[in-house]
Every structure is written in structure tokens, then in C-alpha cells.
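The block underneath contains the structure these notes are about, expressed in C-alpha cells.
The values are calculated or read from the model by the stated rules, or taken from the named source; none is laboratory data. Everything quoted here is computed from the prediction, not taken from an experiment. Here the Cβ positions follow ideal geometry from the backbone for every residue, glycine too, while neighbour counts run over all protein chains shown. Areas reflect the complete protein model, heavy atoms only, side chains present, ligands, DNA and RNA absent. Shrake-Rupley method; radii C 1.70, N 1.55, O 1.52, S 1.80 Å.
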Amino acid sequence: MKRILPFIIILIVLALALGSAWYLTRSVPSAPTVVGQQASPQQSPGAQTTPVQQLGPFNAGIPGADPPHTHGQASAPAHLEEFGDFECPPCGAFHPILKQMEQEFGDKLHVTFREFPLVPTHQHALAAASAAEAAGLQGKFWEMHDLLYDRQTAWKTQFDVRSVFEGYAKEIGIDVERYKRDVGSDLVQQRIFQDGKRGHSLGVKGTPTVFLNGREVPFEQLQADQLRVVIQREIEAKK
Amino acid sequence: MKKVYIPAALLSLLGLVDALYLTVEHLTGETVRCTILSGCSEVLSSRYAVVAGFPLASIGAVAYFTVFSLATLAAFGYRAAGTLLTPILSAMFVVSLWLIYLQAFVIREFCQYCLFSAAITSALLLLVVIGRFVLKPASV
């Protein structure tokens with residue numbers, strides 16, 4: 001008995017390990033999906049690598065910063081709200097996907113961006129959110145938003161990002177002196193805080209978190225091919 | 001000598017749980033999302049997190065299970081299993097050093113679960129080396 005006991009112990013541990021791994025991943029429909037390792041834009045519309053899951057339950061949450069930063073028409077059948085952090089790599093990877101969706105769906109898709117800087121996980125996240133909000137006070141939020149995501153890898157490793165963001169402010173053509181005053185203002189901080197409060201009221205735990213018509217899109221669905229299907233389904237439902 | 005292998009088996013179980021957790025998180029996509037509590041997304045969404053199509057964490061889980069099996073067999077008197085532990089743990093330790101280097105100087109972000117795994121591997125190697133080469137067989 002003593003000779004086979006270690007083998008029994010090993011088999012029990014193996015069964016427990018495989019069983020728990022299977023139990024915890026059984027809701028995952030297929031191979032690992034990493035935002036940033038997305039299906040190529042050339043993939044045919046509607047093509048799916050994994051089945052589209054149901055969206056989460058509807059949740060109105062508390063209001064965020066007002067007015068919000070939006071793209072598209074308010075009458076659009078699909079309202080997408082993203083909680084993002086400019087320093088977060090998956091958010092940076094999601095940025096071109098969302099751009100692609102906006103191009104494809106045009107006036108049928110309305111996009112809102114909410115600040116959700118992950119402090120202290122990301123050392124420059126709050127500074128980046130402040131830079132975007134300060135640019136927003138001069139009507140150039142989306143220009144700064146795009147620049148921050150497009151150049152995320154360039155600034156996230158910098159020690160002092162203040163001068164980098166001031167350079168971006170100059171590049172998008174806003175009044176840099178006013179930007180410098182606004183970036184640390186109560187108004188800017190209040191807007192970020194208000195968006196964060198809205199995120200927490202909706203149960204946002206990480207970024208990017210995306211809601212479509214008030215229902216959370218599962219993280220693994222934030223790929224171009226699957227998000228396209230999810231948005232299309234929402235548009236069809238509104239007809 | 002056998003007594004060293006019991007804590008080694010228990011330690012490797014901790015490593016196995018850590019690696020399994022990371023594998024599950026990788027497969028469900030959760031660790032690649034940035035969260036308030038974890039800086040793992042940068043590390044686990046990097047190109048180094050997948051080797052030959054497999055999540056690196058799953059390879060770690062296999063390695064820890066191998067160490068657990070060998071330590072358990074060694075604890076029950078299978079001497080050959082104990083002999084195999086040192087080279088395997090040495091290889092795991094070298095890989096851990098490489099991964100720490102990647103986190104520190106290439107990705108420039110640290111994942112606490114990866115650091116925990118490196119600590120477990122280091123402790124395992126230390127334990128087995130002390131058991132094999134420092135302590136006399138009769139006293140261990």
C-alpha cells in the first residue's frame with residue numbers, strides 16, 4: 001500500500017487541478033482571447049471566432065461628469081459607453097477597434113468615454129485623464145484622447161509626463177497656458193471623480209469596461225469581430 | 001533526506017495553485033484587463049506571456065505539478081525522483097530569473113503573481129539544495 005500511496009496522492013492532485021481549471025474556465029467558449037491580439041480588420045464582417053454571449057443586466061447607475069464626452073448622434077440606436085484608462089494597454093489596444101466600429105456603424109453608434117484612471121496601478125493614469133479633461137475644456141477632448149492612446153507606449157515609461165502632455169496640448173492647437181491652469185483645476189478633478197463614481201455605481205472593476213445600451217459587454221467580446229455582432233444585434237433590436 | 005521533500009511538495013502545491021490561477025485568468029481574459037488591484041495586465045498581455053501558443057502560466061503549472069509529483073515520490077523513498085528534482089528546479093529558477101529580467105527591464109511592470117511564483121521556485125531550489133548537499137542524509 002505504501003508503494004502506491006504516492007501515486008494515489010499525485011493522481012488526486014492532478015484530478016483536483018484539472019477539475020478546478022475546467023470548472024473555472026468552462027464558461028469560456030474557446031481559445032484565449034486577448035484584447036490587442038484581435039482579429040485582423042480584413043476579417044469578413046460578422047465572422048466570429050467565439051460565440052457572442054449575452055450582455056449583462058441593465059444598470060442605469062448614477063450620472064457621470066456632465067456634459068459627457070460623446071461621439072455620434074444622441075438618437076443612435078446603439079449607445080456605447082467606455083470606461084477607460086489612458087495608461088492601460090488593453091484600453092490602448094481597444095482604441096483602434098472602437099474607431100473601426102464608429103467608422104462601420106456611422107450615425108447608428110453613439111460613443112461616450114468615461115474616465116476611470118486606475119490609481120495607483122498606473123502612475124500616470126490620473127495625469128493623462130487630467131490632460132484629456134483639460135483639453136476638453138477647450139473643446140479638444142477627443143483630439144487629446146486619441147493622441148494619448150496612440151502614443152501610450154511613448155509616454156507611459158516617462159518619469160515626468162507633464163511636459164510631454166503640454167507638448168501634446170500644443171500639437172492639438174489649444175491654448176497651452178490655459179491648459180496648464182486647467183489641468184490641475186478642481187473642475188477637471190471633479191469631472192474625473194464624477195466619472196469614477198459612475199463607474200463604481202455600475203460595478204466597474206477594471207478597464208476597459210464597455211456598456212452597450214446600459215448593459216455590460218463581456219470583456220472577451222471586445223474584439224472587432226464580436227463587438228460588431230453585438231452592436232449589430234442591438235441596432236436590429238431597436239428597429 | 002525524506003523530510004525535505006514534504007515541505008517541497010507543499011511548496012510546489014502553492015506554486016501550482018498560483019500558476020493555475022494565472023492560467024484560468026489568462027483563458028478567461030480577466031488578467032489582461034487592467035484593474036485597481038493588479039498590475040498584471042501589462043505583463044500578462046505582453047508577447048512573452050504566450051509560448052508556442054500556450055499561456056506561459058500553463059507551462060508553469062505543468063512544471064509545478066512535475067515538481068510536486070517528484071517530491072511526493074521522493075518523500076516515499078523513490079530516490080531517483082529526488083535526484084531529478086535538482087536539475088528541474090534549477091531550470092525553473094533560471095526561467096524565473098529571465099522572467100524577472102523581462103518584467104524589470106523590458107516590460108517595466110511587475111505582476112505580483114509572477115513574483116510569487118519566482119519566490120516559490122527559489123525557495124524550492126534552496127530547500128532541495130540544502131537537503132541534498134548541505135544536510136547530512138541521516139540528520140535531514
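A few comments on the model shown:
- Annotation note: of A:LYS140, A:LYS156, the sole residue that is at pLDDT below 95 and of a type in the set (D, E, K, R) is A:LYS156.
- Qualifying residue in segment A:72-81 (condition: surrounded by 18 or more Cβ atoms within 10 Å (Cβ to Cβ) and modelled with pLDDT under 90): no
- B:VAL62 open to solvent by 20 Å² or more (accessible area, probe 1.4 Å), under 13 Å from the mean Cα position of the chain (by Cα) and either modelled with pLDDT under 85 or within 13 Å of chain A (Cβ to nearest Cβ) (or both): yes
- Restricting segment A:171-208 to residues that are among the aliphatic types (A, V, I, L, M) and in contact with a strand residue (DSSP E or B) (Cβ under 6 Å, 6 or more places away or on another chain), the residue that is modelled with the highest pLDDT is A:ILE192.
- Helices (runs of 4 or more DSSP H) within segment A:155-239 that include 1 or more residues within 14 Å of chain B (Cβ to nearest Cβ), at positive phi and open to solvent by 30 Å² or more (accessible area, probe 1.4 Å): none
- In the set (1) modelled with pLDDT of 95 or more; (2) touching a His at 6+ places or on another chain (Cβ under 9 Å), the condition left unmet by A:ALA134 is number (2).
- Some residue of segment A:93-100 being modelled with pLDDT under 90 and within 14 Å of another protein chain (Cβ to nearest Cβ): yes
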